[in-house]
Each structure stands twice: as structure tokens, then as C-alpha cells.
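The values are calculated or read from the model by the stated rules, or taken from the named source; none is laboratory data. Owing to the predicted nature of the structure, the values given are computational and were not obtained by experimental measurement. Note: ideal-geometry Cβ built from the backbone for every residue, glycine included; neighbour counts use all protein chains shown. The area values use the complete protein model at the heavy-atom level, side chains included, leaving out ligands, DNA and RNA. Shrake-Rupley method; radii C 1.70, N 1.55, O 1.52, S 1.80 Å.
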Amino acid sequence: MGQGISGHTYIYHNGSKYLVTQTTNHTISITGVPNSVCQKIDDKGNLIKERFYDSNGNPIVDIDYTNHGNPKKHPNVPHKHLWDCSDPKNPIRGDADD
């Protein structure tokens, strides 16, 4: 992670640079700032989820750092959920990669 000239924080993921925002909201918006990542953190500052957005602000991938309270369905932590945005009006979050 690094600081930009304007004081914004960026991370690099799969060779691309993403502007970082953080939230403690229960849900993360499906659409976001283009070329950004929204990090959901809990009250203690622990990272719960990251949602990466493409150059149009559509979701690309979620990385979950918990098993959502369901270790049988999500035995691997962290795990990824890819998004299908072929219909921009109805993005679909895919199954976990575990």
C-alpha cells in the first residue's frame, strides 16, 4: 500500500493500481469509484472484505477475509467471488473459488 501525492492511499492488485476507500457499513455498494477498491472493516479495524471496481466502476472481484459464519460452505479464508457484469443492469456475484 502506498500514499499518492494528494494523500490518497493506493494498493496494487494483479498489476493494476487501485484507489482505496474504507467503510464500516454493513454492505458495500455494488458500483463504485472507477479503478478503486472498497475495504469493509469491522469496529476493531479488522479487514472483512475488499471489493475491486473496474474502469467503469463495475465490480470485478470480492475478496472475503471471513467464512461468513459458514465454514462448511467457505472452508478457505480468504476466498474470492468473481462478478459477472455482462448485463450492467444486473451484476451477479459468483460463487466462491473455494
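In the full protein context, the chain carries 65 Å² of accessible surface per residue, based on a 1.4 Å probe and ignoring ligands, DNA and RNA. Exposed loop sites here are trypsin sites (Lys or Arg not before Pro) assigned a DSSP state other than H, G, I, E or B and surrounded by at most 16 other beta carbons within 10 Å; excluding them, the longest clear run of the chain is 1-43. Summed over all non-identical Cα pairs, the Kirkwood treatment of the chain gives a radius of 14.1 Å.
Kindly state, to the nearest 0.05, the FRET efficiency for T24 paired with K73, given R0 = 25 Å and r defined as their beta-carbon distance. That pair, T24 with K73, gives E of 0.50. Lysine pair count for the stretch 9-98 with Cα-Cα distance under 17 Å and sequence separation of 8 or more or different chains is 5.
Could you work out the relative contact order of the chain? I mean the mean sequence separation of Cα pairs under 8 Å and 6+ apart, divided by the number of residues, in percent. With pairs under 8 Å counted, the relative contact order is 15 percent. For Y12, project a label point 7 Å along Cα to C-beta. Then give me every residue of the stretch 50-64 with its amide nitrogen under 16 Å of that point. Answer for the stretch 50-64: none.
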